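Below is one structure, written out as structure tokens; comments come after it.
Throughout, read-outs are computed from the coordinates displayed, never taken from laboratory work. Only a predicted model underlies this, so the values are computations on that prediction, with no experimental measurement involved. All Cβ positions, glycine included, derive from the backbone under ideal geometry; neighbour counts span all protein chains shown.
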Amino acid sequence: MTEEPVPTTPIPPDDPTRHGVHVNLAGPDLQHISLVGDTYTVLVSGEDTAGAYTLIDMLVPDGGGPPPHRHDFEEMFAVLDGEVEVELRGVTSTARKGDVVNVPANAPHRFVNRRPEPAHLLCMCTPAGQERYFALIGDSVPSRDSAPPHLSDDELALRRQRALELAPTFRSEFIFGKQ
């Protein structure tokens, strides 16, 4: 069986107004965000990619990870170190160092680190925007190795409320009733 050729259009010329990005995790200009006890470092933002995608380095401590949620954009993460338990559409699996997990748009999912050592993930969301949501609902920290801020119960409640209020703006929703 032969495949039909896909119609093509010419490749557009290079756009010299867009700049490449070269980052180092130890670089001083990176944005580090503490969120749900995790630390998310924005490596490549939507601003860098004309909105095409964002790339986020994630350090996830024991017990860390987001609550069950879904969003209408694609998400992929690679496990660089450690492991996380992943639930995708109600099916639970373990993603270990070297594994890549693709989360289709709109699919209910979550991940959690159930090991004493931190998990290190590299997460890509396409199109971009998730990094802006994280910045608005999380707390800025000086580095990717910084401890999360100590928040009172009232401060935690305010952050949860803000996350819920802003979720629709960033095409996301939380799924309650699941642990």
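The sum of -39500 (n - 2.57) across all DSSP H runs of n ≥ 4, divided by the residue count of the chain, sets its helix-only mean residue ellipticity at 222 nm to -3500 deg cm²/dmol.
Just flag the trypsin sites (Lys or Arg not before Pro) in segment 100-179 sitting in loop per DSSP whose Cβ has no more than 12 other Cβ atoms within 10 Å. Please list the in-between numbers first.
Details: sites: R110, R114, R132, R144, R159, R160, R162, R171, K178; in loops: R114, R144, R171, K178.
Of the trypsin sites (Lys or Arg not before Pro), the ones in loops of segment 100-179 whose Cβ has at most 12 other Cβ atoms within 10 Å are K178.
Amide H to amide H distances under 5 Å link V103 with E75, M76, F77, where only residues 5 or more positions off or on other chains count and H is placed in the peptide plane.
Extending 7 Å from the Cα toward the beta-carbon at both R171 and L25 defines two label points whose distance is 2.9 nm. The Cβ shell under 11 Å around Y53 holds other residues with a net charge of -4, Lys and Arg each +1, Asp and Glu each -1.
Counting other Cβ atoms within 10 Å, keep those with at most 14, restrict to DSSP loop, and tell me which GluC sites (Glu not before Pro) in segment 5-111 are left.
Within segment 5-111, the qualifying GluC sites (Glu not before Pro) (loop, at most 14 other Cβ atoms within 10 Å) are E47.
Counting Lys and Arg as +1 and Asp and Glu as -1, what is the net charge of the other residues whose Cβ lies under 13 Å from the Cβ of L151? Net local charge, L151 excluded: -1. Angle, helix 153-166 long axis vs. longest principal axis of the chain, Cα atoms, 0 to 90°, nearest 10? With rounding to tens, the tilt is 20 degrees. What do you get for trypsin sites (Lys or Arg not before Pro) in segment 1-107 restricted to DSSP loop and a cutoff of at most 14 other Cβ within 10 Å of the site's Cβ? Loop-located and lightly packed - R18, R89, K97. For the chain, the alpha carbon positions stretch 57, 42, 33 Å along the principal axes, listed from largest to smallest.
Using only the Cα atoms of segment 25-129, what semi-axes does the equivalent ellipsoid have when each is the square root of 5 times a gyration tensor eigenvalue? Give whole Å, largest first. All intermediate terms of the calculation are to be shown ahead of the outcome.
Numbers: eigenvalues 86, 63, 25 Å².
Taking √(5λ) for each eigenvalue gives 21, 18, 11 Å, largest first.
Our summary gives segment 31-142 a relative contact order of 37 percent, counting only alpha carbon pairs under 8 angstrom and 6 or more residues apart.
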